[in-house]
Amino acid sequence: MRLLLKFNLIFLVVFVAGLLGAAKVSHDLLQRNAKQEVLDHARLTMEKASAIRSYTNDQIRPLLETQMKYTFLPQTVPAYSATEVLATLSKTFPDYTYKEATLNPTNPRDRAVDWEADIVNRFRTQADQKEFVGERESGTGRALYIARPLRITNGACLTCHSTVEAAPRTLIDKYGSAGGFGWQMNEVIGAQVVSVPMSVPLARADEAFKVFMASLVGIFVAVAAALNVMLYLLVVRPVTKLSTLANRVSLGELDAPPFPASSRDEIGTLSRSLTRMRNSLDQAMKMLEPEAA
């Protein structure tokens, strides 16, 4: 087997092993970064919802307390304001959703579906859990969701949600008495759930992975070509010349040209060693000539 072929086979094995390792590491890293990007978007949306809730409760609700005596205004409810604002945002980004999923809601649109109810019940059984992150299949593909518990920590909430008798008449007139009552202090009644699509970040990660792998293969081809040229010029061709001359000398061709020894590398050392061996062989032959005569 020729030297170049051996070298290329070894180089190919090393490259394939390195390529597989690089593919595994880079793919996992890109996928992890994509998920982190999605999670950051989800947390940002969650913080927007929390900011809207605080603004509504601290600044909007006090301004409308007088009107609330005559007509119930859902705009004074933090959950309603956050849901409405982020619903407007979802018209531009339809895959980004926000919901205050509640087991026993006043507004029917807030009623938790099965997978949301499982999250709420998880928060109810694990009181120390402040946040839950998961993935699910949505109508548009994989989505990452982040959930935080909705816990009754403000006694003012029980003014409307303790019993039907204690609730404002304007609230009953608007939503009826079927839901949203019987809440208790420190009870987890629902969860804030933000759902963000993963398809776009994951597609970007896959595209980046393909570009990286194509670049890596291209670099391999370029490096392999350069190494083959260098190996041929610096090793194969000089060794081939030395081998040809050594073969001629071994056959007794006295007119064979001398071994080239201009380089100072290993090839030059080998050439000088062959030259000394040739000189020793010539001297030995000359010493044997009189005896043969």
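Annotations for the structure displayed:
- This model, with +1 at the C-beta of Lys and Arg and -1 at the C-beta of Asp and Glu, gives the chain a dipole about its Cα centre of some 360 debye.
- Cα→Cβ-extended label distance, 7 Å offset, between Asp40 and Leu158, nm: 4.3
- Measuring nothing but how far apart in sequence close Cα pairs (under 8 Å, 6+ apart) lie, relative to its length, the stretch 38-188 scores a relative contact order of 20 percent.
- Each Lys or Arg adds one and each Asp or Glu subtracts one; over the other residues with Cβ under 14 Å from the Cβ of Ala101, this totals +3.
- Length gained on full extension, Asn8 to Ser243: 82.4 nm, using 0.36 nm per residue less the C-alpha separation.
- Annotation: aspartates and glutamates with alpha-carbon distance below 17 angstrom to Lys241 (same-chain offsets under eight excluded): Glu253, Asp255, Asp265, Glu266.
- Cα Rg over Rh - the stretch 17-197, Kirkwood: 1.07
- Extension gain (nm, one decimal) between Glu131 and Phe212, 0.36 nm per residue minus Cα-Cα: 25.7 nm
- Phe72 sits among other residues whose Cβ lies under 11 Å from its own Cβ, and their net charge, with Lys and Arg +1 and Asp and Glu -1, is +2.
- Mean separation of Cα pairs under 8 Å and 6 or more residues apart, divided by the residue count, gives the chain a relative contact order of 20 percent.
- Within the stretch 109-132: backbone nitrogen closer than 15 Å to the Arg151 label point (7 Å, Cα to C-beta): 120-132
- Fewest-first ranking of Ile172, Ile119, Ile189, using other Cβ atoms within 10 Å as the exposure measure: Ile172, Ile119, Ile189
- Residues of type lysines that Lys24 reaches as a straight line, Cα spacing below 28 Å, ignoring anything fewer than 8 places off in the same chain: Lys6, Lys35, Lys210
- Compared with the direct C-alpha span, the chain from Asp58 to Ser26 gains 6.8 nm at full extension, assuming 0.36 nm per residue.
- Kirkwood-based shape ratio for the stretch 168-293, expressed as Rg/Rh from alpha carbons: 1.80
- Helix content alone sets the calculated 222 nm mean residue ellipticity of the chain: runs of n ≥ 4 DSSP H residues at -39500 (n - 2.57) each, divided across all residues, give -19500 deg cm²/dmol.
- Beta bridge orientation in the stretch 17-197: antiparallel %, DSSP, nearest 5: 95
- For the stretch 11-64 and the stretch 100-142, distance of Cα centres in Å: 20
- DSSP beta bridges in the stretch 91-178 [antiparallel fraction, %, rounded to 5]: 90
- Look at the dipole of the chain built from charges on Cβ: of Gln126, Ala51, Leu245, the Cα furthest out on the positive end belongs to Leu245.
- Packing rank of 273-282, 140-149, where each peptide gets the mean count of other beta carbons within 10 Å, highest leading: 140-149, 273-282
- As a rough footprinting exposure proxy, the listed residues Leu227, Leu245 were ranked by other beta carbons within 10 Å of their own, and the order from fewest upward is Leu227, Leu245.
- Counting neighbouring Cβ atoms within 10 Å and putting the fewest first, the residues Ser177, Ser215 line up as Ser215, Ser177.
- Arg61 sits among other residues whose Cβ lies under 15 Å from its own Cβ, and their net charge, with Lys and Arg +1 and Asp and Glu -1, is -1.
Read the figures in this text as sums done on the coordinates, not as results from a lab. In this text the structure is predicted, and so the values were computed from the model without any measurement. We place every Cβ from the backbone using ideal geometry, glycine too, and count neighbours over all the protein chains shown.
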